[in-house]
Structure formats: structure tokens, C-alpha cells
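Every number in this text was worked out from the coordinates using simple rules, so none of it is lab data. Nothing here was measured: the structure is a model prediction, and the numbers come from that model. FYI the Cβ positions are ideal-geometry reconstructions off the backbone, even for glycines, and counts take in every protein chain you see.
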Amino acid sequence: MKVVIFAGGVGTRLWPLSRKNTPKQFEKILGDKSTLQLAVERLQPDFKPEDIYISTGIKYENLIRTHLPQIPGNNLILEPEMRDVGPAVGVAMGIIGKEHPNSPVAIVWSDHFVKKERRFREVLGFAEKLVLKKENSIVFIGQRARFANQNLGWLEFGEEVDQDRGTKIFRFKKLIYRPSLEDAEKFLASPHYAWNPGYFVTTPKFILSQYEKFAPETWKGIIKIQDAVGKNSYKDVLNKIYPTFEKISFDNAVLEKIDPQYVYVIAADLGWSDVGAWEALKEALEVSKNENVTKGKVLIEDSSDNLVFNYTDQLVVGIDLTKMLVINTDDVLLVCSKDSVPKIKKLVESLSGTEHENLT
């Protein structure tokens, strides 16, 4: 099986640590390695470097090579510009499908946290076997919900259709994106829902057939790029066609339109968290909900449920804080309520064209 790790996002929800030139996937958020390095590590030893592809923007090529020198250069899928995930997935599948059209391919992300790495690899293996058994299929991998999360997508699934060593495989029903709190609480109480990390396994041949059906103009461009793979004209063709793709999410372009009869779900506890936002990072790292999560030189007294990360040599002191986020870098100090995290992205966008644009 092949794996594509997507590492092209900017990560404004983790500002001021994550910036345009050094996005979150290249930062040491969870220890002494970047989340991109950790994403590759958790695939080992089941996957060899030559079976791992990295999809990212051309501007991050040198960062990728520095962080992942073990990944072959030909396995870097470099987008000339950002056109959202719809074109990115299609081109990755086209490139891999040139030589491996019927090989299962797993799509994963570079900015996630997975505590149960062995279980994660095991579930990928179960999905691979199912895709090999059912030629035209896609398998979503869901995380069993820990709380009624309104900020994530959810998977709804129906009856059990198979088992693999005790791991159940279900018939897919639908995707739900960012439900209301009332709906999220209902989902949490039901055994037929799971968080959607965005992980899935399928084959290039099948997924490209769905592009042809539901996004024909994008499919035509993908096929032209695929035809140029391995030729001297490849970069020119990629640079000419890729910027013309419609900016569209993969969900909107393809996933929401696939006939559910081809779609399956494996829901498991992977210890998964999306650490693409500060409040999600706190939830991933905390042992109890009201504890303080800190990093660096921090002294905090009479406080609860805060995340305080200090990336400088200066001491950060907090007293009587509750549900606060404090991020201190060399050039920006961010202080806000945990509930205000969604406003960070808007604030960063508002800095464009101002004297503070260099901080984005």
C-alpha cells in the first residue's frame, strides 16, 4: 500500500507559532520533532520510505527535504499554487496511479496527533484488505468520539458488513460537517457516528473514475498531468494546468457525491486529535479537562483549564486565569479566551496589507 501525507496547509488557527513561511506541520508542537516527522514515524515499520508520498506546495520543498531526507525526491508532489484539497487529492492519485492504478492508497494528514500508533497501522491494514477485496471501494477511518465536538466533521454509518480480527466494518451513510451542539450530543450517544479525521483508503483507478463522473473538467487536467509523469515535460504541464483547477474541497468535488454502496467505515479508537487549533491541542495533551497545559518557562498560579506555551527565554507568569490561551513567541504575544480561538484566523487575515503583514 502507498500513503500520501498532505502537508500543504498554512495553519492560521495555530498562529502566531504557525506562519505562512513556516506552517504548523514544520513546527515542534508536540515534542522535539515536527508533526510532519511524527506523521511519517507512526507509519513505521509497516511502510518503507519509497511507499510514502508527501503532497505540499512548491514553496515548502526545501523544508520537506530538510525534515524528511529519507523520502525519495520523486515522492514529493509539489503543487505550483494552492487550489484546495479537491485538485490536490486528484493529482496525487493520478501520479501514483500512473504505475500503481490498482494499489490501495491511504490519505492522511501531517498536522494530526495519534496516540495509538500500532492500532492506527492495524486499521490501515484492515482497510487495505477490504479495498483489495472490493475493487471499487473507499474506506473511511473514523475516530470513536470522546466528546460532542462541534468543530469536526462526523461520519454516520449503518449496519455491520464485515469483521477483521474483531474490528468491525460498517456500511457508510453520510458525512456531517460541524454539527450543532445538540446534534453533536446525539451523535456522541449513538454507536453509529464517529469523528471524521479525513483518513481514507482507496485505489487511484476508483477515485479517478469518480473525478471523471463528478468533476470532469478537473479529471481532464489530472489525466494530462498523469500522462506527463516521467517525461521531461512533466513540470511544464503541471505548472500550466494546476493553476487552472477550480478551488474546491475534496468533499464537495467528489466525496459527497459517491454512491454510498461503494463506501465503508472502520470506526476505532486511535487516540486521534486534530492539533490544527490551540484548543484542540490542549484537548489532545491534557489528562483532565480542567488542568493547565504548559510549555517552556511558565509559572501559573490559582488557575485552571488554560494552555500557556512560551517559546522564548522570558518567564511567562499567570495568576487567576480560567480557560485562557497564552502563546508567547519572539515577536508576538497572543492572549485570548479559549472560546475566541476561531477569531484568530480572521485576525491574521486582517493583517494582510498592514504594517504587521510580515507576522502572518
Residue farthest toward the positive end of the dipole of the chain, with Cβ of Lys/Arg at +1 and Asp/Glu at -1: which of 108, 341, 296? 108
Which whole-angstrom value gives the distance between the alpha carbon centres of the range 1-68 and the range 215-286? 16 Å
Average silhouette area of the chain, convex hull of alpha-carbon atoms, in square nanometres: 18.5 nm²
Loop-only chymotrypsin sites (Phe, Trp or Tyr not before Pro) in the range 128-203, please: DSSP not H, G, I, E or B, and at most 15 other Cβ atoms within 10 Å. 147
Cα-centre dipole for the chain with unit charges at Cβ (Lys and Arg positive, Asp and Glu negative), debye to 20: 820 debye
Measuring from label point to label point, each 7 Å out along Cα→Cβ, what is the residue 217 to residue 48 span in nm? 4.2 nm
Please report the relative contact order for the range 1-155, taking Cα pairs under 8 Å with a sequence separation of at least 6, and give it as a percent rounded to a whole number. 28 percent
What trypsin sites (Lys or Arg not before Pro) in the range 149-180 are in a loop by DSSP, with at most 14 other Cβ atoms within 10 Å of the Cβ? 165
Give 116/343; 48/346; 20/282; 28/289 a once-over and call out the pairs whose C-alpha atoms are over 28 Å from each other. 116/343; 48/346
Please identify the longest segment of the chain free of exposed GluC sites (Glu not before Pro), where exposed means a DSSP state other than H, G, I, E or B and no more than 16 other Cβ atoms within 10 Å. 136-245
Checked against the positive end of the charge dipole of the range 29-134 (+1 on Cβ of Lys and Arg, -1 on Cβ of Asp and Glu, about the Cα centre), the farthest of 82, 96, 67 is 96
Taking the range 150-225, the lysine pairs whose C-alpha atoms sit under 23 Å apart (8 or more places apart or on different chains) add up to 11
Estimated FRET transfer efficiency (residue 177, residue 358; beta-carbon r; R0 25 Å; 0.05): 0.15
Among 306, 287, 221, which residue has its Cα positioned farthest towards the positive end of the charge dipole of the chain, with +1 placed on the Cβ of Lys and Arg, -1 on the Cβ of Asp and Glu, and the dipole taken about the Cα centre? 221
Rounded to the nearest 500, what is the 222 nm mean residue ellipticity of the chain from helices alone, with -39500 (n - 2.57) per DSSP H run of 4+ residues and division by all residues? -8500 deg cm²/dmol
Mean separation of Cα contacts under 8 Å (6+ apart) over length of the range 267-322, as relative contact order %: 26 percent
The local net charge around residue 239, scoring Lys/Arg +1 and Asp/Glu -1 for residues other than residue 239 whose Cβ lies under 13 Å from its Cβ, equals +1
Taking the Cα centre of each part, how many Å lie between the range 122-193 and the range 317-334? 37 Å
Under a straight-distance cross-link criterion of Cα-Cα below 16 Å, which aspartates and glutamates are reachable from residue 134, leaving out those fewer than 8 residues away in the same chain? 160, 162, 164, 259
Gyration tensor on Cα atoms of the range 287-359, a ≥ b ≥ c root eigenvalues, a/c under 1.5 rounded, else prolate if a/b beats b/c, else oblate, says oblate
Subtracting the Cα-Cα distance of residue 61 and residue 349 from 0.36 nm times their residue separation yields 101.3 nm
Restricting to the chain, what percent of DSSP beta bridges are antiparallel, rounded to 5? 50 percent
Charge dipole magnitude, Cβ of K and R +1, D and E -1 - the range 287-359, Cα centre, debye nearest 20: 320 debye
Relative contact order computed over the chain (Cα-Cα under 8 Å; 6+ residues apart), in percent: 20 percent
